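Working notes for the structure below.
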Amino acid sequence: RTRLACLTSGGDSAGMNAAVRAVVKMAIARGCEAYVVREGWEGLVRGNEESSHVPTDNATSPPLAGAPVDVNAPQRKGGFVATYGEGELLKEGEGEQTLKGRYIIRVGWDDVRGFASIGGTLIGTARCAAFREIEGRRKAALNLVRHGIDALVVCGGDGSLTGADRLRAEWPEHIQALLESGDISQEQYDTYKHLNIVGLVGSIDNDMAGTDMTIGATTALHRICDAVDSISSTASSHSRAFVIEVMGRHCGWLALMAAIATGADYMFIPERPPTAEDWQSSMCKVLSRHRDEGKRKTIVIIAEGAHDCNLNPITPDMVKDVLSNRLGLDTRVTTLGHTQRGGNPVAYDRILATLQGAEAVEAVLASTPNTPSPVIGIQENKITRQPLMDAVAKTQEVAKAIERKDFEGALGLRDPEFED
Ligand code: ADP
């Protein structure tokens with residue numbers, strides 16, 4: 001039986017819980033054993049401490065690392081094979097204590113109940129420096145083999161998925177080294193020769209090449225629109241200008257869509273930078289025209305990674321100074337910050353994560369040692385699979401294209417059908 005683990009890594013995004021829930025439930029429905037890894041790659045590198053507390057109730061305790069699963073163990077509600085601690089992951093105080101020192105956890109159907117509507121990631125996420133090094137990834141490989149896990153679904157951004165791709169590419173090397181060092185037996189080596197990895201893109205920036213939408217982007221956009229609407233009331237009342245900074249270092253999707261959805265007056269995104277010499281004048285021309293037409297408010301949306309065409313940063317304070325000094329507008333800066341990430345996922349993110357989570361399990365089950373690791377996407381409303389490495393490589397190329405000032409190229413890489 002496939003033992004499938006799911007983890008969330010990198011920056012959290014709304015819908016990650018819905019993805020975990022879908023993966024766990026689909027895995028169980030397809031006859032796999034389901035695990036979650038807490039705290040992203042960090043949890044996989046750490047594994048379960050020997051001395052960590054294991055619940056003593058036989059009916060609900062998880063199988064010990066590598067131990068065969070007792071399929072005759074009492075079944076829980078829902079009729080699925082032994083789960084451990086109904087909803088334990090959700091019961092914060094108690095759960096945290098019980099889970100101390102344990103990162104790789106067997107889960108059942110009930111453990112993920114109610115996950116779909118909750119923001120962030122309940123199984124935790126982290127940035128893990130150790131996983132960037134080969135030694136860290138080797139520890140992760142050892143922990144996977146120790147727990148008998150042969151398939152991994154990773155939900156994260158391009159960094160997390162780059163890590164996933166590396167782990168899979170190095171897998172033969174890792175288990176060979178673990179065999180030679182005596183950390184795993186010949187039998188384990190023979191059984192776990194192949195690791196299956198599938199990626200799900202959890203990112204609020206909608207910055208992954210080859211997919212129309214990432215899990216969490218729609219919710220973040222929704223939060224931004226709510227915030228801009230609120231700010232607009234004050235802006236109109238006082239006839240003020242607001243410069244609103246939104247997230248997006250290399251990708252202006254949030255800023256662009258928020259500007260369209262809220263009818264902003266002007267925006268700055270990294271992919272379509274203004275001239276270095278006279279961006280101030282161009283902006284002032286548009287904004288004063290809007291004022292002349294009788295608008296009482298001025299809204300400028302600026303992506304975190306905004307710059308001019310020579311890559312000199314354009315910051316909200318710079319824009320504010322121009323609006324105050326040249327146009328004489330009473331101008332305020334609002335940085336939306338982490339409010340954009342938080343809160344319950346909107347319906348679209350729950351649905352996207354659920355469909356993609358289910359597809360990830362199907363992809364695991366369809367995979368052979370020769371199939372490249374896939375990443376699950378969506379294109380023209382159809383859930384897709386494509387090679388993980390291609391999507392990650394193209395996404396990294398976008399950032400590099402922007403760095404060499406090839407802005408058209410960047411947009412073309414993200415969407416091959418892009419035409420100016
Ligand atoms: P995101 O997944 O949201 O893009 P990060 O870029 O911070 O977030 O990546 C999350 C984690 O993924 C990192 O803390 C690290 O553990 C792992 N990771 C990122 N890049 C790499 C890489 N090049 N090689 C191995 N692991 C990586």
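The values are calculated or read from the model by the stated rules, or taken from the named source; none is laboratory data. This structure is a prediction, so every number in the text was calculated from the model and none was measured. Glycine also receives a Cβ, built like all others from the backbone with ideal geometry; neighbour counts cover every protein chain displayed.
Brief remarks on what is shown
- For segment 280-322, the candidate set comprises residues that are among the aliphatic types (A, V, I, L, M) and over 22 Å from Asp207 (Cα atoms); within that set, the residue that is surrounded by the fewest Cβ atoms within 10 Å (Cβ to Cβ) is Val286.
- Counted as qualifying within segment 180-273 are the helices (runs of 4 or more DSSP H) with 2 or more residues that are farther than 17 Å from Leu336 by Cβ, namely 186-191, 217-238.
- Qualifying residue in segment 358-365 (condition: touching a helix residue (DSSP H, G or I) at 6+ places or on another chain (Cβ under 9 Å), surrounded by fewer than 21 Cβ atoms within 10 Å (Cβ to Cβ), modelled with pLDDT of 95 or more and over 16 Å from Ala151 (Cα atoms)): no
- Segment 98-141: number of residues that are in a loop (DSSP other than H, G, I, E, B), of a type in the set (Lys, Arg) and either modelled with pLDDT under 90 or more than 14 Å from the ligand (Cβ to nearest atom) (or both): 3
- Selection from segment 211-246 of residues that are within 27 Å of Arg350 (Cα to Cα), of a type in the set (Val, Ile, Thr) and out of contact with any helix residue (DSSP H, G or I) (no Cβ under 8 Å at 6 or more places or on another chain): Thr214
Let's see how each residue does on (1) over 19 Å from the mean Cα position of the chain (by Cα); (2) assigned to a strand (DSSP E or B); (3) touching a residue at least 40 places away in the same chain (Cβ under 8 Å):
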residue: Asn325; (1), (2), (3): yes, no, no
residue: Arg332; (1), (2), (3): yes, yes, yes
residue: Leu355; (1), (2), (3): no, no, yes
residue: Arg385; (1), (2), (3): no, yes, no
residue: Ala393; (1), (2), (3): no, no, no
residue: Ala410; (1), (2), (3): yes, no, yes
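- Residues of segment 193-213 that turn out to be free of Cβ contacts under 8 Å to residues at least 60 places away in the same chain and either over 16 Å from Ser13 (Cβ atoms) or surrounded by fewer than 23 Cβ atoms within 10 Å (Cβ to Cβ) (or both), as a count: 1
- Taking segment 2-37 as the range and being assigned to a loop (DSSP other than H, G, I, E, B) and either in contact (Cβ under 8 Å) with a residue 40 or more places away in the chain or within 16 Å of the ligand (Cβ to nearest atom) (or both) as the test, the residues that pass are Thr2, Ser9, Gly10, Gly11, Asp12, Ser13, Ala14, Gly15, Arg30, Cys32.
- Inspection of segment 169-179 identifies no residue that is in contact (Cβ under 8 Å) with a residue 40 or more places away in the chain, out of contact with any Cys (no Cβ under 9 Å at 6 or more places or on another chain), more than 9 Å from the ligand (Cβ to nearest atom) and closer than 25 Å to Ala358 by Cβ.
- Among the residues of segment 142-166, those identified as away from the ligand (no atom under 13 Å from the Cβ) and part of a helix (DSSP H, G or I) are Leu142, Asn143, Leu144, Val145, Arg146.
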